[in-house]
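The values are calculated or read from the model by the stated rules, or taken from the named source; none is laboratory data. These numbers come from a predicted model, not from an experiment. Note that we place each Cβ from the backbone using ideal geometry, even for glycine, and neighbour counts take in every protein chain shown.
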Amino acid sequence: MVWGTLVAIYLFMAGIAAGTYLLGTIIETFWSNRGLEMIRKYSLILSFPLVAISSIFLVVDAEAGLHNPLRLIYILANFPNSMMSVGTLIIASFQIITLYAAWRALYSKNQSAVMRIIGSVMAVGLTVYTGLLLQVSQAIPFWHNDILPILFTVSGISTGFAAAIIIGVYADRRQLANLMPIKKVHILCLLAEGLLLIALLSNAGKIDGGAQSVAKLLTGSLSPLFWGGLVTVGLVLPIIIEAYELFKNHNVIAINNGLHPADETAATIDSELNSGFSLLLVSEGAVLLGGFILRYLVLAAATFISLI
Amino acid sequence: MPRYGMLIDTNKCVGCFACRVACQMQNSLTPENSFIRYEEKETGKYPNVKWKVYPIQCHHCETAPCAPVCPTKARQIRPDGVVVVNSKKCIGCKYCVAVCPYQANTVNSKTGEVDKCRFCIEIVEQGGTPACVSTCLTHARIFGDLDDPNSKIAKAIAAKKPKALAANLGTKPKIYYVE
């Protein structure tokens with residue numbers, strides 16, 4: 001493996017940071033009156049430490065730079081030729097943006113419109129970059145695939161939403177009832193992720209080197225993690241739970257529209273919210289786990305082209 | 001200005017791995033690091049089979065994919081075509097490792113710096129030949145100036161019609177293999 005667990009953690013956290021920032025900004029811009037205030041606040045506050053910590057993993061993996069920190073000043077020397085230099089610049093500027101967003105959110109203020117636009121572009125740029133970093137390599141056909149940046153972007157949004165929902169609902173359970181707009185986008189992301197994964201595998205399976213990677217994932221040494229971790233836990237389980245919740249939520253709305261049982265006490269509402277939070281913890285936790293496993297598997301499945 | 005390259009005759013190579021040892025000695029590498037690795041190929045059907053060894057190291061590609069991806073510009077292509085690493089600038093990000101089709105890079109187990117073959121350029125500049133070439137028992141390796149039609153390597157390439165590995169990627173490698 002060229003890059004291992006440390007880089008997988010980095011790609012994973014950078015994706016979440018971009019996703020939480022995007023969700024916070026979307027709520028701020030489009031869903032400001034939907035009772036999602038806590039989710040907005042915590043997703044914007046969460047983004048900065050995530051992107052900052054993610055870059056630490058990158059430096060720890062770059063051992064020679066870790067031993068000689070002064071060398072890191074050269075890291076922008078090859079901008080814009082090296083995707084690594086481009087990524088460093090994106091991460092650095094995204095840290096500034098998220099720090100600003102976190103500061104605004106802490107004081108319950110909105111970001112300025114200009115910062116929202118710049119920040120959203122940088123957030124998408126960050127997730128696209130995590131895929132492009134790998135896509136550049138002609139030597140590893142499984143990575144040299146245009147779907148990878150799109151898949152990482154969708155997965156980044158999906159994991160970011162998951163993290164933001166968990167923290168936001170943990171802070172204020174009542175928001176559970178207002179998650180509909182987020183859940184709708186989220187389930188679309190998960191479905192798109194599944195389709196993109198199929199497209200990635202079928203594309204890569206056709207070429208020399210890529211086929212070996214696909215075999216490793218589907219039937220080889222990585223297959224337990226692929227089928228059990230990524231497909232079952234990361235995609236199927238959350239899709240089923242979220243679909244069930246969307247369906248149930250429709251019924252709740254129908255009840256609220258006329259047939260609301262009058263004898264429902266505060267205690268039963270409370271226990272409903274708690275059980276709702278437990279279910280949410282399972283489904284969103286599964287999304288997060290799946291997001292990490294996706295990145296780990298993409299790195300672990302790397303196979304070089306055959307030479308002779 | 002010369003344009004250095006190498007020819008390896010796989011029909012002469014006996015797979016003794018002396019080139020790797022000479023290279024490790026020359027570059028004071030630890031046993032777990034080496035600039036030369038080997039791939040093997042079996043052809044034919046029993047009982048008429050052939051087993052060949054392909055020594056693989058940095059191919060000093062003309063459009064080396066490792067150079068543009070290096071964020072610190074530690075990778076440079078010299079005017080004579082030799083791809084060199086300034087280890088004082090290497091941060092060990094391993095991007096070069098990820099893009100090299102030949103898997104010719106090695107991460108130093110002590111420092112984390114990435115290093116690779118540089119055609120023993122310090123010996124070549126003194127008029128010598130790289131350690132792997134001078135140590136080869138069967139003279140399977142020829143080193144020289146590809147642009148000089150009178151050089152041993154240019155003549156050998158003209159006569160033996162060798163092939164480059166992974167030539168389809170368009171990196172224009174400068175190690176040729178006689179098969």
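Going through (1) more than 30 Å from A:H144 (Cβ to Cβ); (2) in contact with a Ser or Thr (Cβ under 9 Å, 6 or more places away or on another chain); (3) surrounded by fewer than 18 Cβ atoms within 10 Å (Cβ to Cβ); (4) in contact (Cβ under 8 Å) with a residue 40 or more places away in the chain one by one, B:L137 falls short only on (2). Each residue in the stretch A:67-81 was checked for being more than 7 Å from every other protein chain (Cβ to nearest Cβ) and either crowded, with 16+ Cβ neighbours inside 10 Å or in contact with a Pro (Cβ under 6 Å, 6 or more places away or on another chain) (or both), and 2 pass. Looking at the stretch B:118-135, is at least one residue within 11 Å of B:L7 (Cα to Cα), away from chain A (no Cβ under 14 Å) and in contact with a strand residue (DSSP E or B) (Cβ under 7 Å, 6 or more places away or on another chain)? Yes: the stretch B:118-135 contains one or more residues that are within 11 Å of B:L7 (Cα to Cα), away from chain A (no Cβ under 14 Å) and in contact with a strand residue (DSSP E or B) (Cβ under 7 Å, 6 or more places away or on another chain).
Within the stretch A:155-169, the only residue that satisfies the criterion of being buried (at least 24 other Cβ atoms within 10 Å of the Cβ), in contact with an Asp or Glu (Cβ under 8 Å, 6 or more places away or on another chain) and either free of Cβ contacts under 8 Å to residues at least 24 places away in the same chain or β-branched (V, I, T) (or both) is A:I165.
Let's see how each residue does on (1) away from chain B (no Cβ under 14 Å); (2) closer than 14 Å to A:G168 by Cβ; (3) touching a strand residue (DSSP E or B) at 6+ places or on another chain (Cβ under 7 Å); (4) not basic (K, R):
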{"position": "A:G15", "(1), (2), (3), (4)": "yes, no, no, yes"}
{"position": "A:A18", "(1), (2), (3), (4)": "yes, no, no, yes"}
{"position": "A:E37", "(1), (2), (3), (4)": "yes, yes, no, yes"}
{"position": "A:F57", "(1), (2), (3), (4)": "no, no, no, yes"}
{"position": "A:A64", "(1), (2), (3), (4)": "no, no, no, yes"}
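All of B:T63, B:T171 fail the test of being at the interface with chain A (Cβ under 10 Å from one of its Cβ atoms), in contact (Cβ under 8 Å) with a residue 24 or more places away in the chain, under 28 Å from B:D9 (Cβ atoms) and under 18 Å from the mean Cα position of the chain (by Cα), apart from B:T171.
Taken as a whole, the structure leaves A:A211 outside the set of residues that are out of contact with any Asp or Glu (no Cβ under 9 Å at 6 or more places or on another chain), in contact (Cβ under 8 Å) with a residue 60 or more places away in the chain and either more than 20 Å from A:F292 (Cβ to Cβ) or of a type outside the set (A, V, I, L, M) (or both). Of (1) within 14 Å of another protein chain (Cβ to nearest Cβ); (2) under 15 Å from the mean Cα position of the chain (by Cα); (3) not aromatic (F, W, Y), B:A74 satisfies all except one. Which? (2) is the only condition that B:A74 fails. Scanning the stretch B:44-60 for residues that are β-branched (V, I, T) and either in a helix (DSSP H, G or I) or over 19 Å from the mean Cα position of the chain (by Cα) (or both) yields a single hit, B:V49. Put simply, of A:K206, A:K184, A:K216 the only residue that is of a type in the set (D, E, K, R), without any contact (Cβ under 8 Å) to a residue 40 or more places away in the chain and either buried (at least 17 other Cβ atoms within 10 Å of the Cβ) or over 16 Å from A:L151 (Cβ atoms) (or both) is A:K206.
Taken together, the residues in the stretch B:13-38 that are in contact (Cβ under 8 Å) with a residue 60 or more places away in the chain, surrounded by fewer than 17 Cβ atoms within 10 Å (Cβ to Cβ), more than 16 Å from B:C58 (Cα to Cα) and in contact with a strand residue (DSSP E or B) (Cβ under 8 Å, 6 or more places away or on another chain) amount to 1. Out of A:G119, A:G65, report the one residue that is under 19 Å from B:S87 (Cβ atoms) and either modelled with pLDDT of 95 or more or not charged (D, E, K, R) (or both). Exactly one of A:G119, A:G65 is under 19 Å from B:S87 (Cβ atoms) and either modelled with pLDDT of 95 or more or not charged (D, E, K, R) (or both), namely A:G65.
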